[in-house]
Amino acid sequence: MLLAAIWAKTRHPGRWQFFGEFPPDIFNKMDGSNLNPVEILEAWITGDRPLTNKSARELELLAAWELADDARSRAFNITPDNAADFVRHKTDLFFSLLDELHTFPLKSTVFLETLWNLWLPLAIQLSTEKQSSNQTLIQGILGSQGTGKTTLCQVLKLILGKLKYSTVSISLDDLYKTYADRQQLQKGDPRLIWRGPPGTHDIDLGIAVLDKFRGSSVVELAAVDNLKSDVFKTDLINNIIEIPRFDKSAWGGAGDRTQPEIICGADIVLFEGWFVGVNPVAEAALNEFLATAPFPISTEADCQFARDMNAKLHDYLPLWKRLDRLMVLYPRDYRFSQVWRNQAEREMMAAGKSGMGEDEINRFVEYFWKALHPELFIQSMLSGDRVDLVIEILGDRAIGKIGRAIDLKSSN
């Protein structure tokens, strides 16, 4: 009854929000306290596992919370009929991960919220989708600097491993052309002062790698240290995949290819990058946008650079066609990326590592905005039909709205 009532409530305007507007009487009926989901998780971490009657009520409360956010419950296919089972599945995974999450900030409220609200349900969703296919599932992840792509991939790999699925992460950065090739590229186009914009990647290499995953059977996901070892049989050798890797520290920070990672197939590929899946926009729409002189685009040269980068996106479309799904990590304000990058560099320097100064960081980030301005290119992706899942990132890197692109559009 309680779950059904909450489901009905969330179908109307003014629905309760996930972390703060839940009716107090629900808490009183459930547990006699004003616990929120993070407080329940924190209690579990300290040893109060869900085995008592009180914890059973906590599980029911968590199931109610799953339905309190309409867009999020739709995105992960959570209904009154399956909410209780979904929470129990998440709870089992949560406890199975505790010993392996010691390198992550488990005491952080933001981390726990993200783990419970995004990473766990997303991993369950990916595993469910993989069950219906005998091919490698390729999940595209689009996110600007600082949106948490690397952490997302690390945690998903752990969770999916608990679900018995092998996972590998590939970054768009891993597809950069070699240092020598980029030097030649820069001679032809001096505007390519940094690696990263469209045109600096080996697209054919990316297509070949993803196609190899498609054609392989999953034998084992493990580094292959000695290909001449007798333990590798013919069928294993036939499934070997060389994943390109990129060393950003090479050549004084210009970066270059390094030794590839050699594996033997994978159930799921997480393919992430700052413009993964981004399509070119129509010329008229681009020119209309550029006419508003959006920061940091201010000169005709800047406008021409944006037009040329938009044209280069056409070359990437065959690579994007290999994606089965596409999710977007979407900062509420695109300028957060600059703030986050400055924070990261300051932390690196405080730890005794080399880093860029604030002026250099700002020029670096703004260079990417000049190439593919988020206000146009990311917005155009959200208004299209290519994106399956949208995750809003707040200024403190906490998770905001989560939902299917179509649901979030209709709610705005």
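General remarks:
- Restricted to the range 369-409, and to residues there that are open to solvent by less than 30 Å² (accessible area, probe 1.4 Å) and among the acidic types (Asp, Glu), the residue that is farthest from SER337 (Cα to Cα) is ASP407.
- Residues satisfying the stated conditions in the range 307-335, i.e. free of Cβ contacts under 8 Å to residues at least 60 places away in the same chain and open to solvent by 70 Å² or more (accessible area, probe 1.4 Å): HIS314, LYS321, ARG335
- Output for the range 111-160, where each listed residue is polar (S, T, N, Q), touching a residue at least 12 places away in the same chain (Cβ under 8 Å) and under 15 Å from LEU93 (Cβ atoms): THR114, ASN117, GLN125, SER127
- Of residues in the range 185-212 being part of a loop (DSSP other than H, G, I, E, B) and under 26 Å from the mean Cα position of the chain (by Cα), the one farthest from ASP302 (Cα to Cα): ASP202
- Helices (runs of 4 or more DSSP H) fully within the range 295-412 counting 3 or more residues that are at pLDDT 90 or above: 300-312, 317-320, 336-350, 358-371, 374-382
- Selection within the range 155-185 - among the aliphatic types (A, V, I, L, M) and surrounded by fewer than 17 Cβ atoms within 10 Å (Cβ to Cβ): ALA180, LEU185
- Residue, nearest to SER55 (Cα to Cα), within the range 78-125, restricted to residues that are small (Gly, Ala, Ser) and surrounded by 16 or more Cβ atoms within 10 Å (Cβ to Cβ): ALA84
- Matching option when the condition is open to solvent by 10 Å² or more (accessible area, probe 1.4 Å) and touching a helix residue (DSSP H, G or I) at 6+ places or on another chain (Cβ under 8 Å), among GLN145, GLN139, GLN131: GLN145
- Verdict on GLY188 being more than 18 Å from ARG245 (Cβ to Cβ), surrounded by 18 or more Cβ atoms within 10 Å (Cβ to Cβ) and out of contact with any helix residue (DSSP H, G or I) (no Cβ under 7 Å at 6 or more places or on another chain): no
- Meets criteria (surrounded by fewer than 13 Cβ atoms within 10 Å (Cβ to Cβ), among the polar types (S, T, N, Q), over 23 Å from the mean Cα position of the chain (by Cα) and closer than 30 Å to ARG214 by Cβ) for GLN304: no
- Whether a residue is modelled with pLDDT of 95 or more, out of contact with any Leu (no Cβ under 7 Å at 6 or more places or on another chain), more than 18 Å from ILE399 (Cβ to Cβ) and open to solvent by 10 Å² or more (accessible area, probe 1.4 Å) was assessed, and THR52 does not pass this test.
- Residue in the range 26-43 that is in contact with a Pro (Cβ under 7 Å, 6 or more places away or on another chain), farther than 25 Å from GLY403 by Cβ and modelled with pLDDT of 50 or more present: yes
The values are calculated or read from the model by the stated rules, or taken from the named source; none is laboratory data. This structure is a prediction, so every number in the text was calculated from the model and none was measured. Backbone-built Cβ (ideal geometry, glycine too); neighbour counts: all protein chains shown. Remember, those area values only see protein heavy atoms, side chains included, never the ligands or the DNA or RNA. Shrake-Rupley method; radii C 1.70, N 1.55, O 1.52, S 1.80 Å.
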